[in-house]
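Engineer: Could you have a look at this structure, given as structure tokens, before my questions?
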Amino acid sequence: MKKTGSLIAACLLAMMLFAGVASAHVTVLPNETAQNKYEVFTVRVPNEKEIATVKVEVRFPAGVTVSRFEPKAGWKYDLTKDASGKITSVIWTATGEGLGATEFGDFKMSGKVENDAKDLSWKAYQTYKDNSVVEWVGAEGSDKPASVTKVKAAAAGADSHGHDTGAAPAEETGSAGSESKLPLYLSIAAVVLGALSLLVSLIKKAK
């Protein structure tokens with residue numbers, strides 16, 4: 001029993017350590033989105049060294065057009081564009097101390113997922129104060145994986161904001177229609193009950 005308990009404890013500890021290592025990298029949230037949708041993406045950057053993270057670069061995959069960036073105190077950002085003017089990457093650079101040893105930062109941006117988009121693989125480059133760079137560009141399961149956002153097919157009848165364009169107005173649906181006729185049904189029931197009461201009263205008087 002003691003050996004079994006020790007083995008279970010060791011397995012749990014290993015799982016916890018693995019989870020900590022697996023999650024300690026640059027990630028882009030949400031983990032899942034849909035085609036033909038406007039989305040707010042959050043780049044989450046944990047600091048993994050005893051020295052500060054002072055720069056983060058994210059390169060945008062095909063299938064998404066990023067166009068807006070939320071200002072972040074203590075940081076500035078610069079954009080890279082291609083010949084057509086499309087934004088292809090963003091670089092956030094610390095104007096102060098950056099992210100310390102026990103800190104993480106969230107950097108927000110928004111854009112549109114294309115109609116034919118596949119899974120989005122975000123390549124990220126994390127620079128520390130000593131000018132060392134960690135490249136989060138590997139395949140899933142590697143030591144330094146790129147963050148991947150799964151892309152599902154657009155819902156039938158949904159617009160780019162995720163609204164259902166094919167649904168009938170509430171007043172035209174069966175449930176809403178039934179609710180709108182409820183007062184009429186109640187009135188008819190009241191009239192019928194009144195008539196029955198009057199009939200019973202007349203019968204009693206006749207007797």
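Engineer: Yes or no: GLY63 at pLDDT 95 or above and on the phi > 0 side of the Ramachandran plot?
Structural biologist: For GLY63, the condition - at pLDDT 95 or above and on the phi > 0 side of the Ramachandran plot - is met.
Engineer: Looking only at the range 52-89, filter to residues that are in a strand (DSSP E or B) and within 20 Å of the chain's Cα centre (by Cα); which one of those is nearest to ASP130 (Cα to Cα)?
Structural biologist: Looking at the filtered set, the residue picked out is VAL58.
Engineer: Return yes when ASN131 is at positive phi and either in the same structural domain as THR53 (by TED's automatic domain parsing) or touching a strand residue (DSSP E or B) at 6+ places or on another chain (Cβ under 6 Å) (or both) and no when it is not.
Structural biologist: Yes.
Every residue, every condition in (1) more than 28 Å from THR42 (Cβ to Cβ); (2) at pLDDT 95 or above, yes or no:
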site	(1), (2)
SER110	no, yes
VAL113	no, yes
LYS118	no, yes
THR127	no, yes
PRO145	no, yes
ASP164	no, no
GLY177	yes, no
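The values are calculated or read from the model by the stated rules, or taken from the named source; none is laboratory data. What you are looking at is a predicted structure, and each value in this text was computed from that prediction instead of being measured. We place every Cβ from the backbone using ideal geometry, glycine too, and count neighbours over all the protein chains shown.
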